[in-house]
Amino acid sequence: MSSLKGGVGKTTVALGLASASFSRGLRTLVVDLDPQSDASTGLDVNPEDYANIADVLENPKERTVRRAIAPSGWNQHHEGSIDLLVGSPSAINFDGPHPTVREIWKLEEALASVEADYDLVIIDCAPSLNALTRTAWAASDRVLVVAEPGLFSVSAADRALRAIEEIRRGVSPRLQPLGILINRTRPQSMEHQFRIRELKEMFGPLVLSPQLPERTSLQQAQGAAKPVHMWPGEHAQEMAGYFDDVLDQVLHSMQSGEGASRVGGAAGGGARQSATVAFSEERADSPVVAVESGDQSEDAFTPDE
Ligand SMILES: Nc1ncnc2c1ncn2[C@@H]1O[C@H](COP(=O)(O)OP(=O)(O)OP(=O)(O)O)[C@@H](O)[C@H]1O
Ligand SMILES: [Mg+2]
């Protein structure tokens, strides 16, 4: 889950998608790559009991990775299996503007040793285009760009898609945008409807349906560290349904080997599919989805030559 802007709902979408995946019985791993560690809080894990993402980026060997993976507290509420690769404020030390190629591949290296245990890996990114986000993208098959229906959303989403395309061309051919997920819409707001139309005109089928409305039940579930699928009330169930929909699109995109659309990319690019279908070289991997948000931050994107 990605956005270059803060606070548009990356973590909320990552947790909603995780809730959908968990409820469906998929073995799910959430990677908390944001130094703010909000996903770790939302998944009800006490980080003190585990190693964390900073340890993993320091030393991406299997032993460290397994020590940094915690079962989510969600497992108490429902049958199934959802784990967290624990976040840490120290991850900020790995978020420099000019990562080396080796640094960019560290998360991929780390996940390669555990991903056979999972059907879906969801990465919650920090709101920037620095090393951590590029590390997430290099480890991912798809990027879900989260955007708010605001004034800068078109330019923000455009920058995010261009950055994804740079990484696809320069680093990881399998990477594709899953699409732009518009979050926090108010159907009665003329401004929001205008911005949504604008995004659709600009990006066509890359704008995913449904758009997610603003609902306090999401905040309540998040605040209580519970999956939205298990939160009572009509609105929570409505949101759960939307996240089921997004999950369907993730899984469909992995099966077909295509994003909702493409940004100048050749079809497929050899997408990794389920745990049994190998991507490009020799490994059989589970799909990995990073969540970002399209944003107007000023960080310059500097592709590695
Ligand atoms: N659809 C929604 N309805 C209501 N509240 C929402 C919705 N989406 C996000 N929020 C709320 O907005 C706030 C910011 O969302 P969130 O933390 O998911 O954003 P973020 O992009 O992960 O932020 P950051 O860049 O700081 O990591 C949170 O309090 C969250 O509960
Ligand atoms: Mg967040």
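A short reminder: the numbers here are calculations on the coordinates, not readings from a lab. Because the structure is predicted, anything quoted here is derived from the model rather than measured. Here the Cβ is made from the backbone with ideal geometry for all residues, glycine too, and neighbour counts use every protein chain on show.
A few remarks follow.
- Summarised as an ellipsoid, the range 2-293 has semi-axes of 26, 23, 18 Å, derived from the eigenvalues of the Cα gyration tensor scaled by 5 and square-rooted, with the largest first.
- Here the extension length gained between Arg162 and Asp245 equals 27.3 nm, from 0.36 nm per residue of separation less the Cα-Cα distance.
- At q = 0.12 Å⁻¹, base-10 log of I(q)/I(0) for the range 8-97 (Debye sum, equal scatterers on each alpha carbon): -0.34
- Of Arg162, Arg102, the sequence from fewest to most neighbouring Cβ atoms within 10 angstrom is Arg102, Arg162.
- Across q = 0.15, 0.17, 0.19, 0.20 Å⁻¹, the range 100-243 modelled as identical point scatterers on its alpha-carbon atoms has Debye log10 I(q)/I(0) values of -0.90, -1.08, -1.21, -1.25, in the order of the q list.
- With neighbour counts taken as other beta-carbon atoms within 10 Å, the residues Tyr242, Tyr118 rank, fewest first, as Tyr242, Tyr118.
- Looking at the range 7-91, the GluC sites (Glu not before Pro) that sit in a DSSP loop and have at most 15 other Cβ atoms within 10 Å of their own Cβ are Glu79.
- Ranked list, fewest to most other Cβ atoms within 10 Å of each Cβ, for Asp141, Asp245, Asp32, Asp38: Asp245, Asp38, Asp141, Asp32
- Label-point separation, Glu191 to Ala225 (7 Å along Cα→Cβ), nm: 3.5 nm
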